[in-house]
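The values are calculated or read from the model by the stated rules, or taken from the named source; none is laboratory data. Keep in mind it's a predicted model, so treat the numbers as computed, not measured. Here the Cβ positions follow ideal geometry from the backbone for every residue, glycine too, while neighbour counts run over all protein chains shown.
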Amino acid sequence: MLQGTGDTQARSKRLRQDMSSAEIALWVALRTRPAGLKFRRQHPSGPFTADFYCHDARLVVEVDGAAHDFGDRPVRDAARDRWFEARGLAVLRVPAGDVFRECDAVVRHVTALAIDRISHRSAHAGEDRA
């Protein structure tokens, strides 16, 4: 499992107490373990904190509010995504508005992607043993 540095762990703990409304709405759904999948919220990973992380699927889910479209945020988000992807993690970015409008659909999408990644990894693990 990816771990954070001491600073990241402390920041992640603070972020758990100060989640956005969209993150809270998605967490309410993900904490029920849809399809048996365990998600962690505000999970420290190296120098970053993932909004949500499913270890079995190696999937990071980021909830992006409007601020992610302005200033240097798009460049910072892209660098962050590359950091996660270099470690074998997939990153799914979900607009906050989608969480508010279609939370059930977002959860179905996140769940389907996670299941697909787990299935894909399992199939390749079987090839490695053959």
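Listed values, structure above:
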| read-out | value |
| --- | --- |
| Total residues in the range 84-96, condition touching a residue at least 24 places away in the same chain (Cβ under 8 Å) and not in a loop (DSSP other than H, G, I, E, B) | 8 |
| Per-region count, the range 98-110, residues surrounded by fewer than 13 Cβ atoms within 10 Å (Cβ to Cβ) and touching a residue at least 24 places away in the same chain (Cβ under 8 Å) | 1 |
| Filter result (at pLDDT 90 or above, in a strand (DSSP E or B), in contact with a strand residue (DSSP E or B) (Cβ under 7 Å, 6 or more places away or on another chain) and not small (G, A, S)) within the range 44-63 | D51, F52, Y53, L59, V60, V61, E62, V63 |
| Every pair of residues 6+ apart whose Cβ atoms lie under 9 Å, when the first sits in the range 72-83 and is without any contact (Cβ under 8 Å) to a residue 12 or more places away in the chain while the second is small (G, A, S) | R73/A67 |
